[in-house]
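Colleague: One structure follows; several queries about it will come next.
The values are calculated or read from the model by the stated rules, or taken from the named source; none is laboratory data. All of these numbers come straight from a predicted model, not from anything done at the bench. Reconstructed Cβ throughout: ideal geometry from the backbone, glycine too, with neighbour counts over all protein chains shown.
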Amino acid sequence: MASRITFIGAGNMASAIIGGMIDNGFPPAAITATSPSDAFLAPVHERYGIHTSTDNAAAVSQADVVVLAVKPQVMREVCEGLRDVVQRRRPLVISVAAGLDAESLERWLGGDLAVVRCMPNTPSLVGAGAAGLFANDRVSKEQRRVATELLEAVGLVEWVEEEALLDAVTAVSGSGPAYFFLMLEAMEEAGVSLGLPAETARRLAMQTALGAAKMAQQSDKTPAELKRNVMSPGGTTERAIEHLEGANLRRIMREALDACASRAREMSDELGER
C-alpha cells in the first residue's frame with residue numbers, strides 16, 4: 001500500500017477504514033485524518049494513534065493517497081479548497097461519497113487526476129462491508145491495487161468498468177443492508193404474532209440471516225439451489241416460499257432496486273451540478 005494516506009473527514013466510514021487498515025498491519029504513523037473540529041479528532045487519535053489535523057491542505061501536502069470522506073453536500077467546497085495542493089502533489093484520490101461522479105470530483109480538484117469512486121456500505125463499520133469501485137482512465141494498475149487493498153480492509157471489493165454501474169452497486173449493496181433490516185423487522189413482528197417473545201424472535205431471525213449468508217458464501221451452489229435444498233415437497237418451507245412467490249416478491253425487489261438506482265442517478269446530477 002502507498003506510504004502516506006490522508007482522510008479528509010473522520011466520520012464513521014473513515015474510522016472504519018482506518019481501523020481495518022491498522023488491523024491489517026498498516027502503520028498508524030502513515031495515516032492522517034482531518035476534521036474542522038479538534039474535539040472531533042481527539043477520540044480518533046486516541047483510538048488509532050494516527051495523525052490528525054484541522055488543516056486539510058497541510059494534511060494533503062505529503063499524501064500519496066487522499067480519501068475524500070465528507071458529506072456530498074460539502075464536497076465541492078472541500079475539493080476546491082484542496083485544488084492547489086492536489087495539483088502540486090498529484091495523489092491518488094478516492095471518494096467514498098455517494099452520488100458524486102468522478103468527472104465532477106476531478107473538475108473541482110483542477111483536472112487531470114487519478115480518481116477512484118467507491119460505493120461502500122454500512123457493514124464496513126463491523127468489517128463486513130461490500131464496496132463497488134470505479135477508476136477513471138488516469139488510475140494506474142498499481143493505484144488500483146492500492147485502492148483494492150485499502151477497501152478490502154473492511155470487506156469485499158468489486159470493480160466495475162463503467163461508472164454508471166455504481167448506481168446498480170448502490171441499489172444492490174450500498175442501500176442493501178436496509179432491505180435486510182426490513183426483513184429482520186418483519187420476521188420479528190411475524191414471530192411475535194405467532195407467540196414468540198420479541199427478543200427471542202429477533203435473535204432467531206438475526207442468527208438465521210447470518211447463517212444463511214455464511215452458507216451462501218461458503219457453498220459452490222447458487223442461492224436458488226440452496227433454497228431448494230431447504231424445501232421438502234409439501235413441507236413448511238415450500239408453503240412459505242410459494243406464498244412469497246405468489247405475492248410477487250421478485251417483482252417488488254426489482255422495482256425497489258430500480259427506484260434506488262434511479263434516485264442515485266438523480267443525486268449524481270443534482271450534486272454534480274451538471
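Colleague: Tell me, which residue of the range 150-174 that is within 13 Å of the chain's Cα centre (by Cα) and outside any helix (DSSP H, G or I) is surrounded by the most Cβ atoms within 10 Å (Cβ to Cβ)?
Modeller: V154
Colleague: Checking the structure you have, find out if any residue of the range 103-118 is in contact (Cβ under 8 Å) with a residue 24 or more places away in the chain, in contact with a Phe, Trp or Tyr (Cβ under 7 Å, 6 or more places away or on another chain) and not hydrophobic (A, V, I, L, M, F, W, C).
Modeller: Yes.
Colleague: In the range 26-54, how many residues are among the aliphatic types (A, V, I, L, M) and within 11 Å of A10 (Cβ to Cβ)?
Modeller: Step one: filter the range 26-54 for residues among the aliphatic types (A, V, I, L, M), giving 29-31, 33, 39, 41-42, 44, 50.
Subset that is within 11 Å of A10 (Cβ to Cβ): 31, 33, 41-42, 44, 50.
So the count comes out to 6.
Colleague: Let me ask another. Among the residues of the range 114-123, are any crowded, with 16+ Cβ neighbours inside 10 Å, farther than 23 Å from A16 by Cα, over 14 Å from the mean Cα position of the chain (by Cα) and assigned by TED's automatic domain parsing to the domain that holds N24? Can you show your working first?
Modeller: Step one: list which residues in the range 114-123 are crowded, with 16+ Cβ neighbours inside 10 Å, which gives 114-123.
Of the ones still in play, those that are also farther than 23 Å from A16 by Cα are 114.
After this cut, where a residue has to be over 14 Å from the mean Cα position of the chain (by Cα) as well, the list is 114.
Next, from what is left, pick out any that are assigned by TED's automatic domain parsing to the domain that holds N24: 114.
Looking for residues that are crowded, with 16+ Cβ neighbours inside 10 Å, farther than 23 Å from A16 by Cα, over 14 Å from the mean Cα position of the chain (by Cα) and assigned by TED's automatic domain parsing to the domain that holds N24, one finds at least one in the range 114-123, hence yes.
Colleague: Which number in (1) farther than 23 Å from A98 by Cβ; (2) not in a loop (DSSP other than H, G, I, E, B) marks the one condition that G25 misses?
Modeller: Among (1) farther than 23 Å from A98 by Cβ; (2) not in a loop (DSSP other than H, G, I, E, B), the lone unmet condition for G25 is (2).
Colleague: What number of residues in the range 28-48 are surrounded by fewer than 19 Cβ atoms within 10 Å (Cβ to Cβ) and either among the polar types (S, T, N, Q) or assigned to a loop (DSSP other than H, G, I, E, B) (or both)?
Modeller: The qualifying residues number 2.
Residues checked against (1) assigned to a helix (DSSP H, G or I); (2) under 22 Å from the mean Cα position of the chain (by Cα); (3) surrounded by 13 or more Cβ atoms within 10 Å (Cβ to Cβ); (4) among the small types (G, A, S):
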| site | (1), (2), (3), (4) |
| --- | --- |
| Q207 | yes, no, no, no |
| S232 | no, no, no, yes |
| L257 | yes, yes, yes, no |
| R263 | yes, yes, yes, no |
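Colleague: Also: From the list T170, T148, which residue is touching a residue at least 12 places away in the same chain (Cβ under 8 Å), polar (S, T, N, Q) and in the same structural domain as R83 (by TED's automatic domain parsing)?
Modeller: Numbers: T170 fails: in the same structural domain as R83 (by TED's automatic domain parsing).
From the options T170, T148, the qualifying one is T148.
Colleague: Give me the residue from the range 90-133 that is of a type in the set (A, V, I, L, M, F, W, C) and assigned to a loop (DSSP other than H, G, I, E, B) and, out of that set, modelled with the lowest pLDDT. Steps first, answer last, please.
Modeller: Residues of the range 90-133 that are of a type in the set (A, V, I, L, M, F, W, C), as a first pass: 92-94, 96-98, 100, 102, 105, 108-109, 113-116, 118-119, 125-126, 128, 130-131, 133.
Those still in the list that are assigned to a loop (DSSP other than H, G, I, E, B) too: 96-98, 100, 109, 113-114, 128.
On the way: V96: 95, A97: 90, A98: 84, L100: 90, L109: 97, L113: 97, A114: 98, A128: 95.
Going through the qualifying residues, I end up with A98.
Colleague: Residues that are within 17 Å of L92 (Cα to Cα), assigned to a loop (DSSP other than H, G, I, E, B) and touching a Cys at 6+ places or on another chain (Cβ under 7 Å): does the range 134-149 have at least one? Reasoning before the result, please.
Modeller: Of the residues in the range 134-149, the ones within 17 Å of L92 (Cα to Cα) are 134-149.
This time we only want the ones that are assigned to a loop (DSSP other than H, G, I, E, B), so: 136-140.
Retained after the next criterion (residues that are touching a Cys at 6+ places or on another chain (Cβ under 7 Å)): none.
The answer is no, given that none of the residues of the range 134-149 is within 17 Å of L92 (Cα to Cα), assigned to a loop (DSSP other than H, G, I, E, B) and touching a Cys at 6+ places or on another chain (Cβ under 7 Å).
Colleague: Let me spell it out: the conditions are (1) assigned to a helix (DSSP H, G or I); (2) surrounded by 12 or more Cβ atoms within 10 Å (Cβ to Cβ), and E199 meets all of them except one. Which number is the exception?
Modeller: (2)
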